[in-house]
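The values are calculated or read from the model by the stated rules, or taken from the named source; none is laboratory data. In this text the structure is predicted, and so the values were computed from the model without any measurement. Reconstructed Cβ throughout: ideal geometry from the backbone, glycine too, with neighbour counts over all protein chains shown. Ligands, DNA and RNA are stripped out before the accessible areas are found, and what is left, the full protein with its side chains, is counted by its heavy atoms. Shrake-Rupley method; radii C 1.70, N 1.55, O 1.52, S 1.80 Å.
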Amino acid sequence: MAFALPPLPYAYDALEPYIDSTTVCFLTKHHNTYVTNVNNVLAGENGGSLKGLSLSAIQKEVVSLPDSIKTAVRNSGGGHWNHSFFWSVMGKTGSIAEAPSGDLKSSIESTFGSLDEMQKKFNTAAATRFGSGWAWLSVNADGQLFISSTPNQDNPLMEGIVDQPGTPILGLDVWEHAYYLKYQNRRPEYIASWWKTVDFDVIAKNYTAAKSGGLPAFDTPLA
Amino acid sequence: MKLHHDKHFAAYTKKLNAALAAAGLADVVTTEGALRKLLANVGSAGGRGGSAIADPALRAAIRNNGGGVHVNHQLFFRSMTAPGTSPAPSVVLSEAIDGGFGSFDKMRSAFSAAATGLFGSGWVWLAVDTAGGNRMVVTTTANQDVPYAAKAGVVPILGLDVWEHAYYVQYQNRRPEYVEAWWSVVDWPGVEKRYTEAVEENA
């Protein structure tokens, strides 16, 4: 069993001017490295314990893996999940829902006060994650929305590894490779611009799934 | 280089000064030595270290920005010189490297492997373990941590920044290429000077 690099759901320049096409291109190269590395673990000794598991299920298993493969799966399996998920929550201006509606909107308002307040909190989490990592909007075991950030390629599905486990419905890559070419050290500017790429219809679907114990749906093709 | 020095290094310096002021230490930590001593005590991700600063957020600010600015970036910028201007490592330094690794090439391989293998953001160090018979070691730290916070007495004499901001504009995802190229700008007399100082301070 081996994973394949999922095809990008849009052209390299679809997220311009917020995320430049060169960055998107290099991000797919980073993503490909994660896919290659997680496949190496799957093919190696002790990889058998992961065979047949979906990529999302693998995230939940990280804590229980033998030491010989735990870090590699955490880093590369996490990287593969995170980047696959990242592509799915963004889209080209004109083809995305630029604001939440319905159930998601009400939940954001009742949890954070307003969309604005939620974004402020998210932006803070994203800006203050020191070093490499991700910021997340997730649903916890009680069905509540919460915001968190994780280091490196960890994600909230990694129960037993992360401080605040849950099911992500929205995520933002704050590794420098995600913004350096266009924004250099101006991470807050990147974060603010990135919101213009978020498709709230996808986030709403992710939210509905998460509330009933499901997972965000995105392409994780096998080789 | 310009971005690294004028933006990142400058930002860390500003944040460090603010954190020191907030901790009431602005008039106390006024030299590099005082800063190093403070850093040895604010703790690292997995290491030992108590702290004279009660607020964990302030400790983090000092660890991240204090380590980030002075020890790490100072050392990084001072470790380099224009390509072709540094002589090869001296006899003294070569012997110390041989003692720790068997040969210069073995040290270089170990260092480069650590640099390309470091996941996320961090630093790679050639250091003198002054608590371990002055043995030369290659070690890494995450984010802006300093090597002697996790293990007392490990004094860095050469450092390489592998945060993506250090290489992304020129090398993008090709970190191994950056590491390989960086060896051409290492200032070996400077490395030897720091080696000698570390050994003498420990004598």
Restrict the check to segment A:159-167 and report whether at least one residue is within 14 Å of chain B (Cβ to nearest Cβ) and surrounded by 24 or more Cβ atoms within 10 Å (Cβ to Cβ).
no
Counting only residues that are farther than 28 Å from A:VAL62 by Cβ, assigned to a helix (DSSP H, G or I) and open to solvent by 70 Å² or more (accessible area, probe 1.4 Å), segment A:78-136 contains a total of 7
Quick check on segment A:146-158: of everything there that is open to solvent by 10 Å² or more (accessible area, probe 1.4 Å) and of a type in the set (A, V, I, L, M, F, W, C), which residue is farthest from the other protein chains (Cβ to nearest Cβ)?
A:PHE146
Entirely in segment B:82-164, the strands (runs of 3 or more DSSP E) that have 1 or more residues that are surrounded by fewer than 18 Cβ atoms within 10 Å (Cβ to Cβ)
B:135-142
Yes/no for A:LYS29 being open to solvent by 70 Å² or more (accessible area, probe 1.4 Å), within 13 Å of chain B (Cβ to nearest Cβ), closer than 26 Å to A:PRO9 by Cβ and assigned to a helix (DSSP H, G or I):
yes
Run A:ASP142 past the list (1) over 17 Å from A:ALA209 (Cβ atoms); (2) exposed (fewer than 14 other Cβ atoms within 10 Å of the Cβ) and report the number of the one that doesn't hold.
(1)
Residues that are outside the structural domain of B:ASN41 (by the TED database), under 25 Å from A:GLY131 (Cβ atoms) and in a strand (DSSP E or B): does segment B:172-181 have at least one?
no
Subset of segment B:117-134 [without any contact (Cβ under 8 Å) to a residue 40 or more places away in the chain, within 14 Å of chain A (Cβ to nearest Cβ) and either small (Gly, Ala, Ser) or within 15 Å of B:ALA152 (Cα to Cα) (or both)]:
B:GLY117, B:GLY120
Being open to solvent by less than 30 Å² (accessible area, probe 1.4 Å), within 14 Å of chain B (Cβ to nearest Cβ), free of Cβ contacts under 8 Å to residues at least 40 places away in the same chain and not acidic (Asp, Glu) is the requirement here; does A:TYR179 meet it?
no
Just checking, which of A:LEU115, A:LEU104, A:LEU157 is among the aliphatic types (A, V, I, L, M), at pLDDT 95 or above and within 25 Å of A:PRO7 (Cβ to Cβ)?
A:LEU157
